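Heads up, the thing below is written out as structure tokens.
The values are calculated or read from the model by the stated rules, or taken from the named source; none is laboratory data. Being a predicted model, the structure only gives us computed values, none of them experimental. In this analysis, Cβ positions are derived from the backbone assuming ideal geometry, glycine residues included, and neighbour counts consider all displayed protein chains.
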Amino acid sequence: MIHISSKTAFFAALATILAFPAVGQTTATGIVRVESRHSVEATADRYEAAARERGIRVFPRFDHAEAAAEHDETLPPTVVIPFGNPGYGTPFMRQNQIAGIDFPPKALIYEDPDGQVWLA
């Protein structure tokens, strides 16, 4: 099974590599989040571009706010971007195939109640 520390370390390294002009922090649940000076849409675009430039596969976005609106619900801008690299994930799944439940990893980009955008 994948330990959260491995995933957290991977994501923290990826966020650092992506060089967002931001201040990072770890939440009480151990999730690393990075403050963005851009909108959710612009942050997602920048994240995807930086990942692709580094050879990381980016899967289609899932827009939680859009899905909520389809059910007459409201949610601040909230987007999930799955991404991955078979060279990273495959060894984990070879050790324990059920680790596939955690792959591909994903980034969450959201706007908090104060209007601040975060990448987690």
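Restricting attention to the stretch 47-68, the residues that are under 11 Å from the mean Cα position of the chain (by Cα) and free of Cβ contacts under 8 Å to residues at least 12 places away in the same chain add up to 0.
In the stretch 69-120, the residue that is farthest from Ala49 (Cα to Cα) out of those that are under 14 Å from the mean Cα position of the chain (by Cα) and small (Gly, Ala, Ser) is Ala120. Scan the stretch 40-79 for residues that are within 21 Å of Pro104 (Cα to Cα) and part of a loop (DSSP other than H, G, I, E, B) and the total you get is 6. A single member of Ala49, Ala12 is small (Gly, Ala, Ser), at pLDDT 95 or above and surrounded by fewer than 16 Cβ atoms within 10 Å (Cβ to Cβ), and it is Ala49.
Restricting Glu66, Glu73 to those that are surrounded by 13 or more Cβ atoms within 10 Å (Cβ to Cβ) and out of contact with any Ser or Thr (no Cβ under 7 Å at 6 or more places or on another chain) reduces the list to Glu66. Each residue in the stretch 80-119 was checked for being small (Gly, Ala, Ser), modelled with pLDDT of 95 or more and either in a strand (DSSP E or B) or surrounded by 15 or more Cβ atoms within 10 Å (Cβ to Cβ) (or both), and 1 pass. One residue stands out among those in the stretch 23-39 that are modelled with pLDDT under 95 and in a loop (DSSP other than H, G, I, E, B): the one that is surrounded by the most Cβ atoms within 10 Å (Cβ to Cβ), which is Ile31.
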